[in-house]
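A short reminder: the numbers here are calculations on the coordinates, not readings from a lab. These numbers were taken from a predicted model, which means no experiment stands behind them. Positions of Cβ are backbone-derived with ideal geometry, glycine not excepted, and every protein chain shown enters the neighbour counts.
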C-alpha cells in the first residue's frame, strides 16, 4: 500500500543539461565563508556527529528524471520538495545540516535559498510534516558554490527528545530554483525500509490519475527515491540508553506474529503459545521449553494462532487454534488434563467450510481465513462460547462473514451466525475483543475491521441476544465523506486508562498520510460513564501535539495495556506493521494521556504484529512477548502490586474468562478484566495485575463472574502477592494454585 508503486521515476541522462555534471567535494564538513547572508549560520560547532547516507560524488539532479504515470512529465518543471531522511538513534540536538546544490540560477547574489528541518509524518520513510518545520532558514546564492557543501547552521539547536526520523528538505519551484545534487549509487528496492533515504514530494499533485485510476493525496504525491541526495545532518547526542525497562529473555523461544499466554499445565505460571503452532512450557522463572510435540500439537493445519479457554469446565485449559487460510481448517483441542490435547474439532460441530466465497473462484479455497478468535459467554449459562473474526480474499478483495458458535454443554457447538442479533454481513475483520464494557454482568464484544469498514460492537442484552451499537456509542470509527468509515483497525485493547473505574478502548489504526484530512487515526476512546465513548485524540489536526500524547505512526497495529512500573496507571505498548516501523512504548499518565518513552523501553521489534502480556517470571511486574522478542520487565521503581486469578466453576466458566475484577483501596476502585482474546488473535494472561504505587494493602476484591453474579472478597490483602479468588467465596494465596 506504499505510494512508491504510484510514482515511476526514470533517469534520462541523454537529455540532461550539460552544465550539471559536477563532482562534489566531500572533504569539508564546515562552511567557513567569512560573510554571512541569510538567516542560517555558515557553520556548526566543532565535534558534531555527521549523519550522511553517501560519500559518492553527486552528478544527477531532479532534472534527470521524468514522472511517467500516464505519459512523460519532467519533474524539473514542477514545484518539488527534495528530502533526505535521517534516523536519530537516541535523543539529540540538531545543530544544522549541509546541502550540495547544482543548476544555480544566474540571479543576484543576495537571493536567499531556503531549506528546512522537518518532523516525520507517519514513519513511512518518505513523508514529512509540511505544516510546521522544526527549523527553516536561508543562505544567499552568492555563498553557494555548485557541487560544494553549504552549511545551514542553527542559532539555537533543535531538541529531539525521542529517537525517530527527521527530514532535511529543499523546496524547488521549477527551473528557476537550484536543485540538490544526487549521488549516482542506486540503492535498489525501496520497499525495504533501510535501503532508501531520499524522497520526492510534489505538493501540487493531489489528485493524479495513475494507470487509469484517480488517487487522492492530501500532502501531494510522495515517493521514495532509490538514489541519495547530497545532504548531511549535524547532531549532538544528548542521552545514553542506560538501563532499559525490558531485557531480552527470548532464550529458546521462536517468536512469531501472534501469541497467547495460558497456564495449560495448571502449575500457576503462564505458558506461551505462538503462531506456528508452537507451545512453550514455563518453569516459573521465565525459562521456556518447547513441548509442542509432547502436547500433541504437531502437525495441525491450524497454525495462525490460538486462544485458551476451558470450554467444558473440567479445570483444564483447552485451546482453539485458528487458521488464516483459504485451505486449512480451524481446530478445537481438548485438554486431557495431563499436559496433552486431543483434537475434537469434528465432534464439536465447529467448521469453517463455506461455499459463498470461494477465494477467486477456486473450489479448493473454501475455508474462511480467520486471523483472530476469542472465548466469551454469550448467554451467561456458564459455558464459554466462541467468536471468530474472518478476513479477506486478497486476490479480489472480497470478504467473509464473522462466525459465532454457542456452547451446548455436551462438547458440541451450534452456529449462531445470523441469529440472536449477530450479523451476516461480510466484512474484513481483523480482531475480536470481549469486554463487559458497562459492567452489567454480561460480556459484550468488539470486532475491529479493516479496509475502510466500520468497527462493530455487539452489546449483550442479557437474554442471550446482542445488539450491534458501535456507531451509537462512538467506537465504530471516524466517519467522513458521507457514509464512509476511513480506517483500517488492526488491533484493540480494553483498559481503564484514566482511573475512573470504567473501561476505555485503544483502537490501533493503519492510517496513510495521503488520507490525513479524513483518515481514521489510532484512537484513545474514553468511557463517558453512560455506555458511550469520546475520542480523546480528536481530529489529529496536529500530529506533533496530539492531546493523547501518541505520535502518529501510519501503521500502528496491535496495542497492549499493562501497568509496567506498578505506579497505578496503565501503560501502553503498540506495534507497527511494515518493514522498519518501530514498536512504541508509552507511560500512562493516569488521565487518559500517555508519554512516549520508546528509547528507554528496550523493545527493539520492528514490523511488529501481535503482542501479549504476562508476568512470566513471577516477580510482580508484567512482561511482554512481541513478534521478535520475549521481554522480561526489570523495572526498578519499586511500586507495590497485587495479582488476582479469578476462578469460576459454580455458575460461571471455570477459567473466569470475561470476568471483571475490581480492587478497592479506600475510596478508589481499580478495574481490570480477564481476557478471552484480544488484538489480532492474541491473549494476555488470565491473571490480572494491579499496580499499587505506595499502597501496601487492598481493602477488598470484587469479581463479576459471567453468569455467576458479583462476589466480594473482604480483605485486607497485603500487597506484593498473588491471590486466587474462587466464585464459591474462598481465597488462596501464592503463586501456585491450590490442589484440585
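Summary value for the chain: 11 percent relative contact order, contacts being C-alpha pairs under 8 angstrom separated by 6+ residues. Just need log10 I(q)/I(0) for region 206-269 at q = 0.26, 0.27, 0.28 Å⁻¹, Debye formula, equal scatterers on the alpha-carbon atoms, no solvent, rounded to two decimals. Log-scaled intensity ratios, in q order: -1.22, -1.24, -1.27. Counting every pair of alpha carbons in region 488-551, the share spaced more than 15 Å apart comes to 52 percent.
When peptides 219-231, 549-561, 628-640 are sorted by average Cβ neighbour count within 10 Å, with the highest value leading, the order is 549-561, 219-231, 628-640. With coordinates expressed along the principal axes, the C-alpha atoms belonging to region 156-203 extend over 38, 33, 21 Å, beginning with the largest. In terms of surrounding Cβ atoms within a 10 Å radius of their Cβ, 599, 149, 308 rank from fewest to most as 599, 149, 308. Normalised by the number of residues in region 516-665, the average gap of Cα pairs under 8 Å and 6 or more apart makes the relative contact order 15 percent.
Across region 332-377, the fraction of Cα-Cα pairs farther apart than 12 Å, rounded to a whole number, is 72%.
Relative protection proxy for 434-446, 378-390, from highest mean packing down: 378-390, 434-446 (other beta-carbon atoms within 10 angstrom). The Kirkwood radius of the chain, taken over pairs of alpha-carbon atoms, gives through the Stokes-Einstein law at 37 °C and 0.692 mPa s a diffusion coefficient of 120 µm² s⁻¹. The tail of the calculated P(r) for region 172-301 beyond 21 Å holds 68 percent of all Cα-Cα pairs. Dividing the Cα radius of gyration of region 673-740 by its Kirkwood radius returns 0.98 for Rg/Rh. Peptides 584-596, 493-505, 359-371 ranked from most to least packed, by the mean per-residue count of other Cβ atoms within 10 Å: 493-505, 584-596, 359-371. Expressed as a fraction of 2.2 N^0.38 Å, the C-alpha radius of gyration for region 268-400 is 1.13. Measuring r between the beta carbons of residue 289 and residue 721 and using R0 = 22 Å, the FRET efficiency lands at 0.25. Computed from Cα atoms alone, the Kirkwood hydrodynamic radius reported for region 589-682 is 16.0 Å. The coefficient of translational diffusion for region 659-700, derived via Stokes-Einstein from the alpha carbon Kirkwood radius under 25 °C and 0.890 mPa s, stands at 209 µm²/s.
Our compactness index for region 84-223, the C-alpha radius of gyration over the empirical 2.2 N^0.38 Å, is 1.12. Ordered by the number of other Cβ atoms lying within 10 Å of each residue's own Cβ, fewest first, 726, 564 fall into the sequence 726, 564.
The Kirkwood radius of region 538-656, taken over pairs of alpha-carbon atoms, gives through the Stokes-Einstein law at 25 °C and 0.890 mPa s a diffusion coefficient of 157 µm² s⁻¹. From helices alone, the chain scores 0 deg cm²/dmol at 222 nm; the rule is -39500 (n - 2.57) for each run of n ≥ 4 DSSP H residues, then divide by the residue total. Over region 99-146, the Kirkwood radius and the radius of gyration, each from Cα atoms, give a ratio Rg/Rh of 1.10. Kirkwood analysis of the Cα pair distances in region 350-460 returns a hydrodynamic radius of 14.5 Å.
Largest first, the extents of the alpha carbon coordinates of region 286-361 on the three principal axes equal 45, 27, 18 Å. With neighbours defined as other Cβ atoms within 10 Å of a residue's Cβ, the residues 545, 247 order from fewest to most as 545, 247. Taking the inverse of the mean reciprocal distance over all distinct Cα pairs, the Kirkwood hydrodynamic radius of region 383-446 comes to 13.1 Å. In plain terms, the C-alpha convex hull of region 525-573 casts an average shadow of 4.6 nm² when viewed from every direction.
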